[in-house]
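Derivation of every value follows stated rules applied to the coordinates shown; laboratory data play no part. What you see is a predicted model, and the numbers here were worked out from it, not measured in a lab. No Cβ is skipped: glycine too gets one built from the backbone with ideal geometry, and neighbour counts run over all protein chains shown.
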Amino acid sequence: MSLHLYEVAAQPESAPAAPLPRPAIRRWDALREVVELVVLICAIYALVNLSTVRFIVQGPSMEPNFETGQFLIVSRVNYLLGDPQRGDIVVFHYPGNPDEDYIKRVIGLPGDVIEFRGQQVYVNGQLLNEPYINEACSEDMCADRRWELGPDEYFVMGDNRNRSSDSRRFGPVPRTFIVGEVLIRYWPPEDWGIVHQIAYPAGNP
């Protein structure tokens, strides 16, 4: 029996598998995302600071509703979209020195007639119900007097009538001097709250 030998052609050694490409490190994409985040944070911060201001109460003029050392957030936006209303708590530039800011309550609107009779406030002939004031106004501080407000003029007073420098002394405040409406009292924590027209009763003129 004869043996038949067959020569098997040598198979070439297979080439080593090429390594899989590593994912490209997207350093520039990551940097761009960081930059975009920083820009977004700056934009939000700028928007908040343009639309609101912080105010620290100093002095007793708004007691018992606001006390020295309380921190407030004041909205500029409210009066970009509308006008101050009676009862609003506002921050404004003091007419005698616009570098100083005061906090008071709006009592009179443009065109109103404000009168003191017997230490009480009348708006256009109607007695104003004022449960928010600290105490009855003294004769010296609320002597009988009358003001007629012109266009864009607002009459403001402190809730602590006997210890407040307000429109009784420096006259009506021009609309352009009003910074914004007090919305939130945020410090100290126990005093936190929304303060829109705080204690101002419905039914007033």
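Can you give me the long-range amide H partners of I184? Hydrogens built in the peptide plane at 1.01 Å from N, cutoff under 5 Å, separation of 5 or more residues or another chain.
The list, which skips near neighbours in sequence, is I73, V195.
Can you sort E100, E67 so the residue with the fewest Cβ neighbours within 10 Å comes first?
In increasing order of surrounding Cβ atoms, one gets E100, E67.
Kindly state, to the nearest 0.05, the FRET efficiency for D191 paired with Y122, given R0 = 41 Å and r defined as their beta-carbon distance.
0.80
If each residue's Cβ is checked for other Cβ atoms within 10 Å, how do F116, F66, F71 rank with the fewest at the top?
Fewest-to-most ranking of F116, F66, F71: F71, F116, F66.
Which order results if D83, D144, D99, D166 are arranged by neighbouring Cβ count within 10 Å, fewest first?
Least crowded to most crowded, the residues run D99, D144, D83, D166.
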